[in-house]
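S.K.: One structure coming up, written as structure tokens, with questions to follow.
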Amino acid sequence: MTPPDRPVTEDDLQAWVDEHLSPERRRTVEAWLDANPDARRRVTAWRTERNLLRAAMEVELRQPVPARFDITRLKQRRGRHFSIPQMAASVLLALSVGLGGGWLLRDREVPLGLASVEQEATIVHDAGKGSTIAEGNVAQLAAWGGRTLGRPVRPPNLSAAGYHLAGGQLVTTDHGPACVFVYNDENGALISLFVRPMYGRDMTSPMRPMQHMPGYIWAQDGLGISMISDASVRNLHILANRARDLMAGAS
Amino acid sequence: MSDGDDIRLQRAIPALRRYARVLTHDPHQADDLVQDCLERALTRMHQVRGRPDLRPWLFTIAFRLNVSHWRRLRHLMPLTEIAPEPVQDATQIPHLEWKEVAGAFERLSDDHRQVLLLVGVERLEYGTVAEILGVPVGTVMSRLSRARTALHRLIEHEERPMLRRVK
């Protein structure tokens, strides 16, 4: 421990201004300041100026905080950072409600079998980036999808690979209802898993890469499935294989 | 994150905005920095669970973000756009002395303004300030000494023309 009567330093003077001195040290410094009136004038002026600066800057603390810094709001925004929200939601709504299917594919050759799954999945992935349902409702979606699709559809758990189920959507395609499950990882990278029943064609089909998007497509047990990613997702093939294995195990 | 964490974070925002203004010289840039800082903070709240005073932690994030990103941006802009602005609402401060000190403060270097704010205004410990700025305590002390000397000199020099003008 340093003796309380060691020579007074510049640091002591700063600590005197900031009232950080221990009582013993403070006595020593006060005694030294009594003997050095110039130094006392200096530190007294510093302290006065510090107090004035505090008072001047106090004004800023009293300004109202803008709504953009509302923590509750900021947290909500974080929850959906893969959003292109409103537009995509309305596109999906149009896809899923009442338009009878086919309007998107009108004037085009409607593909059959697995090719049609690919086309639908592409459309839905593009449109659906922001339209998710709350996480808690995923089980409900799976149940609803299961009923609508006429068979159980359970989203595979990909959390071991770092992807968490963030939501999902029930959509209508040219070939009937389909389920879309959306996963994201900690960095916001997004994958969607599109699932719909196959009807008589390509009931089981080996996995192959998709043609126009980073994605893989396959059919198993009469379900056409595609996994599509943002360009940022690596090892998508491994993920798709895992999803296929998990879904085979679940049924 | 618990409600308590939310509340403590929310309460620290005025101080964070004030520090961001000292860092950036510009209220708009400052608020953009605050936004970045809060978004970063929200992903790391687990690091400070239960810590009563979040200011040092937030100031550290703001300081690092400012160094890595904002300063680079600022250098791309013409100098006139980053001229120091007077402290917000300085005109509404009734006391002439406050204005003088605030005006002199704005003319100090970035390093000096930061250390005067963190030590003098925010009343943080020297060691805490050293951690925020990523420098040894000795550097904080010498900056503090030079900053106080510089501030005092500016205020003294400002007094004279003022007196002459008043007559």
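Quick note: the coordinates plus some simple rules give every number you see, no bench work behind them. From a predicted model like this one, the values you see are computed outputs, not experimental measurements. Note: ideal-geometry Cβ built from the backbone for every residue, glycine included; neighbour counts use all protein chains shown.
S.K.: In whole Å, what is the distance between the alpha-carbon centres of the stretch A:179-209 and the stretch A:12-42?
M.R.: What the calculation gives is 73 Å, centre to centre.
S.K.: Can you sort B:GLU97, A:GLU118, A:GLU186 so the residue with the fewest Cβ neighbours within 10 Å comes first?
M.R.: Placing the least packed residue first, the sequence is A:GLU186, B:GLU97, A:GLU118.
S.K.: Within 13 Å, Cβ to Cβ, of B:ASP5, how many net charges do the neighbouring residues add up to if Lys/Arg are +1 and Asp/Glu are -1?
M.R.: Spelling it out: positives minus negatives among the neighbours equals +3.
S.K.: Beyond 17 Å, what share of the Cα-Cα pairs of the stretch A:10-61 is found? Please give it as a whole percent.
M.R.: Roughly 39 percent, rounded to a whole number.
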